[in-house]
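Heads up: the structure comes next, in structure tokens.
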Amino acid sequence: TTAAALERFTVNFTITNLPYTSDLENPDSAKFRATKRVMNMMLDRLLKESSIGPVFRGCETTDFRYGLPGSHRDETRVDAVCTYSKEPSAEPLDRVGLYHQVSNKTRGITQLGPYSLHKDSLYING
């Protein structure tokens, strides 16, 4: 049998109550590291409870960016890369289904833990 391959997908969203600061540009800053740790933990918890939970391996927040074009200074874009184990016989990632599950678990893309989300900002693998 062929071993399961680790597949990656991206998750992007905007937090409306996390002011973007230069600290979030610097991967070595305490604020970047602390925020990344919290993001990874919350994304992991969210996706472990989804349909990909059994094969889900974890998320790594890669970047924080200034919010959506035309947005306010108090918004921060989050980019993360998540990994799951895909059996050769398994269906490709159902990103639409996963999007809906994440949407449901974040109250219609409005809340992730202590963070408020921009409801039109969630992208999964796109």
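Would you rank LEU93, LEU24 by solvent-accessible area, highest first, keeping every protein chain in place and using a 1.4 Å probe?
If we order LEU93, LEU24 from most to least accessible, we get LEU93, LEU24.
Note down the accessible area of GLU75, probe 1.4 Å, to the nearest 10 Å².
For GLU75, the solvent-accessible surface is approximately 20 Å².
On a straight-distance basis, which aspartates and glutamates could pair with LYS105 in a cross-link, Cα separation under 17 angstrom, same-chain partners fewer than 8 positions away excluded?
ASP44, GLU49, ASP94, ASP120
Using alpha carbon centroids, what distance separates segment 98-126 and segment 44-65, in Å?
13 Å
Return one number: the angle in degrees, 0 to 90 and rounded to the nearest 10, between the long axis of the Cα atoms of helix 30-48 and the longest principal axis of the Cα atoms of the chain.
40 degrees
Placing one identical point scatterer on every Cα of segment 1-52 and ignoring solvent, what is log10 I(q)/I(0) from the Debye formula at q = 0.22 Å⁻¹?
-0.98
How much of the calculated P(r) for the chain lies past 23 Å, in percent of all Cα pairs?
Across the chain, Cα pairs with separations above 23 Å total 30 percent.
Karplus couplings for segment 96-110 from phi (6.51 cos²θ - 1.76 cosθ + 1.60, θ = phi - 60°), rounded to Hz, Gly and Pro as x?
5, x, 5, 4, 5, 5, 5, 4, 4, 6, 10, 6, x, 6, 10
Round to a whole number: what % of the accessible area of segment 1-118 belongs to carbon and sulfur, probe 1.4 Å?
Values: 3300 of 6590 Å².
Answer for segment 1-118 is 50 percent, counting heavy atoms of protein chains only.
Top to bottom by accessible area (1.4 Å), largest first, where do TYR66, TYR115 land?
The residues order as TYR66, TYR115, largest area first.
With a 1.4 Å probe and every protein chain left in place, tell me how much accessible area HIS100 has, in Å² to the nearest 10.
100 Å²
With the other protein chains left in place, how much accessible area per residue, in square angstrom, belongs to segment 5-125 at a 1.4 angstrom probe?
Roughly 54 Å² per residue, with all protein chains present.
Ordering ARG95, ARG107 by accessible area with a probe of 1.4 Å, largest first, what comes out?
Working: ARG95 115, ARG107 165 Å².
The most accessible residue leads, giving ARG107, ARG95.
Please say if segment 55-126 is rounded, prolate or oblate, where rounded means a/c under 1.5 for a ≥ b ≥ c the square roots of the C-alpha gyration tensor eigenvalues, and otherwise the choice is prolate for a/b larger than b/c and oblate otherwise? Spell out each step's value before the answer.
On the way: a/c = 2.31, a/b = 1.80, b/c = 1.28.
Prolate is the answer for segment 55-126, as a/c is 1.5 or above and a/b outweighs b/c.
Residues with beta-carbon under 12 Å from that of THR106, excluding THR106: net charge, scoring Lys, Arg +1 and Asp, Glu -1? Write down the numbers at each step before the final one.
Values: positive: ARG45, LYS105, ARG107, LYS119; negative: GLU49.
Here the count lands on +3.
The values are calculated or read from the model by the stated rules, or taken from the named source; none is laboratory data. Note that the structure is predicted; figures quoted are calculated from it, not measured. Positions of Cβ are backbone-derived with ideal geometry, glycine not excepted, and every protein chain shown enters the neighbour counts. These area figures cover heavy atoms from the full protein model, side chains too; ligands, DNA and RNA do not enter into them. Shrake-Rupley method; radii C 1.70, N 1.55, O 1.52, S 1.80 Å.
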